[in-house]
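**Q** The following block contains the structure, expressed as structure tokens.
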Ligand code: SF4
Ligand code: SF4
């Protein structure tokens, strides 16, 4: 009898959960979301890699690549604070679910070489 009362009550009340990912909850204010980089500004110094507590950043200065493992990142924001040129930032959104685990790779495009001034 106790159970029937509970079942009837649950059928009459609003759902306590959402049908994710079709119904997403709006992120809370000031949420530290997905880590992003402005690769044009990055100087490939590696400070973010050294400061990351999860050791999920890889920087290769020669190949001009910056990589993050989004599955190891704990979104603490330490790398964002440590970056000397402020090219890292976090969006106020959580990362979308993925079917496969993969690194997020950014390759810096070669900058045009400015001609030397004529003497
Ligand atoms: S700390 Fe900033 S500039 Fe240095 S490698 Fe990381 S993202 Fe690039
Ligand atoms: S947000 Fe934190 S865990 Fe994620 S890459 Fe930056 S320092 Fe590492």
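**Q** Could you please let me know if residue 116 is more than 9 Å from ligand 2 (Cβ to nearest atom), in a loop (DSSP other than H, G, I, E, B), surrounded by fewer than 10 Cβ atoms within 10 Å (Cβ to Cβ) and within 11 Å of the chain's Cα centre (by Cα)?
**A** no
**Q** While we're here: Given the criteria farther than 17 Å from residue 85 by Cα and surrounded by 11 or more Cβ atoms within 10 Å (Cβ to Cβ), does residue 41 qualify?
**A** When the stated conditions are applied, residue 41 does not pass them.
**Q** Right, something else. Give, as residue ranges, the strands (runs of 3 or more DSSP E) completely inside the range 40-105 that count at least 1 residues that are within 13 Å of ligand 1 (Cβ to nearest atom) and without any contact (Cβ under 8 Å) to a residue 24 or more places away in the chain.
**A** Once the strands (runs of 3 or more DSSP E) in the range 40-105 are filtered for at least 1 residues that are within 13 Å of ligand 1 (Cβ to nearest atom) and without any contact (Cβ under 8 Å) to a residue 24 or more places away in the chain, what remains is 57-60.
**Q** Let me ask another. Six or more apart or on different chains, Cβ under 6 Å: which pairs go from a residue in the range 8-37 that's more than 13 Å from residue 94 (Cβ to Cβ) and away from ligand 2 (no atom under 16 Å from the Cβ) to one that's at pLDDT 90 or above and not in a loop (DSSP other than H, G, I, E, B)? Could you list them?
**A** Taking only residues 6 or more apart or on different chains, not a single pair turns up.
**Q** Going through 47, 85 one at a time, which residue ends up being over 30 Å from residue 22 (Cβ atoms), more than 16 Å from the chain's Cα centre (by Cα), modelled with pLDDT of 95 or more and loosely packed, with under 12 Cβ neighbours inside 10 Å?
**A** 85
The values are calculated or read from the model by the stated rules, or taken from the named source; none is laboratory data. All values derive from a computational prediction rather than experimental measurement. Cβ atoms come from the backbone with ideal geometry, glycine included; neighbour counts cover every protein chain shown.
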